[in-house]
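Each remark here refers to the structure printed beneath this line.
Quick note: the coordinates plus some simple rules give every number you see, no bench work behind them. For clarity, every value in this text was computed on a predicted model and none was experimentally measured. As a convention, Cβ positions derive from the backbone with ideal geometry for all residues, glycine included, and neighbour counts pool all protein chains shown.
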Amino acid sequence: MKHLIKPIVATSLCACFAFGTFAGAGCNNTDQLDALDNKSNSIVTSIEDLESQIASLQEENDKLSALLDKIGAEVLPEEVPEGKLASNYGQEAYDKLVYLDKNVKDRDFIYGDKFEFCQKWITWELMKAGYSEDDVVYQNFDYTTYVKKANEEAITADYDTDGKEYVRSGWSYTEATEEGTGTHVKATIHTANLIVTHKGKTDKQIIIGAHYDGSGSGDNASSVALAVTTLQHLKGVETEYTLKFVFFSAEEYGKYGSKHYADNMSQEEIDNTLYMINMDSLGCGDYTYIYGGVADDDTKTVTKTEAFDNAMAISKKLGLDMKSNPWTYDNPTPGYDTPLYAAPSTGDWSDHAPFKDKGITYLYFEATNWEIPGPLNEYDGYGETYLVGMIMNTPKDYLEYIETYFPGRPLSHLTTFSTLLNALITQTDYQA
């Protein structure tokens, strides 16, 4: 609207000047002079009135301009100064989640036909933001397992076999005594973690991890989308601490990628690590959670909660609705005298566990629901959603299903987690 005010004022002024040109030549008697004098007085009065109206219009114009500027500041995208990080970028992370859900779903690191494509996609997205291909370091490792002979041709990753056949008995495998009688082959899968380092002012570092194997949109394309988007926004931003982003392989088969990474950390690197942030399954659950700490049921204490305490304090300051595992030694898990996992800690089922085992403080992001029972009727965080139950590790873990029952939830969760993640990685005064 403010663009319409000026034409109105200009039109009024033109009318005024046109009105003022009526006095013609030939004024040669008293009556004409009197009439001219009266009309002149009328013109002066009209001009004064018009000037007053113009002043009033200008005042309204200024008010409208101020209002429009205020509205624009509220609805337009955040303008981020060069070298600074946006407060959140949930929408961009969600857009990547949509892409992964549609085009890069099957990321199983043994059989998935999109696993290696996902590696390239991560690299390509970072290259578009200014990283070089060499900035994405492949940390190669092997995983050995037994696969059914009928599935051997389905393996898309690089692998080797020992040329022998095996018979399965329970969880054990023995070499077949006769050729052609074995049901399985022993396969060594060659896979890799992807590591991207953002150098900070100091060697003190925060590790941010997200596993990229699997097939779920919540578990764990949501975290991959957030990690990639964060790295894109970090390009050119100065941070106090060095940030090491790790995309883990083989989490779904037993956390082998994170274990390989943690096992290969030097003592100096361990000592320089302030804490590790594990992001796993951010898009589906009823509530947004953070965990941290090591529980000791004998002493009924939870130690090494510094990262959790810091993150919870920041989330409260930012007005984020973050929860933690609700079960404590004073409020144990329903049906138990001792909590299954004493708050604010959690179970060892994700990529934080190998770092915890090395004595590294961890922080864990997850969306779920601890207040309802899971598949085993335990209040263990596997309930995930009140309406439809567990989504992770089920065929329901795809975006159309999630948005059908929980419209807007993935975007909302990614916005919440990105806001907290940004605040943590740009912090300058973390106290361990």
Long-range amide H contacts for I277: which residues qualify at under 5 Å (H placed 1.01 Å from N, peptide plane, sequence gap of 5 or more or a different chain)? I207, I208, G209, L363
Can you tell me the length gained on complete extension of the stretch W349 to Y99, counting 0.36 nm per residue apart and subtracting the Cα distance? 87.3 nm
Among bridges DSSP assigns within the stretch 90-425, what percent are antiparallel (round to 5)? 65 percent
Using the Karplus curve 6.51 cos²θ - 1.76 cosθ + 1.60 with θ = phi - 60°, what ³J(HN,Hα) values do you get for each residue of the stretch 129-142, in whole Hz, with x for Gly and Pro? 8, x, 6, 8, 4, 6, 6, 9, 8, 8, 9, 6, 7, 10
Reciprocal of mean inverse Cα separation for the stretch 160-274 (Kirkwood radius, Å): 17.0 Å
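Rounded to the nearest 20 debye, what is the charge dipole size of the stretch 90-425 about its Cα centre when +1 sits on each Lys and Arg Cβ and -1 on each Asp and Glu Cβ? Please list the in-between numbers first.
Numbers: 28 positive and 53 negative charges, 169 e Å.
Roughly 800 debye, rounded to the nearest 20.
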For the stretch 281-324: rounded, prolate or oblate by the Cα gyration tensor [a/c cutoff 1.5]: oblate
Test of understanding: what is the full-extension gain from K148 to Q267, defined as 0.36 nm times their sequence separation minus their Cα-Cα distance? 38.8 nm
In the neighborhood of T183, defined by Cβ-to-Cβ distances under 11 Å, what is the net charge if each Lys or Arg adds +1 and each Asp or Glu adds -1? +2
At 0.36 nm per residue, minus the direct Cα-Cα distance, what do D113 and T161 gain on full extension? Give it in nm, one decimal, please. 15.3 nm
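Can you give the translational diffusion coefficient of the stretch 240-308 in µm²/s, computed by Stokes-Einstein from the Kirkwood radius over Cα pairs at 10 °C and 1.306 mPa s?
108 µm²/s
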Largest-first principal axis extents, alpha carbons of the stretch 255-346, Å: 41, 35, 24
Any number yet on Rg/Rh for the stretch 90-425, C-alpha, Kirkwood? 0.98
If I take R0 = 22 Å and measure r between the Cβ atoms of Q91 and W124 in this structure, what FRET efficiency does the formula 1/(1 + (r/R0)^6) give, to the nearest 0.05? 0.60
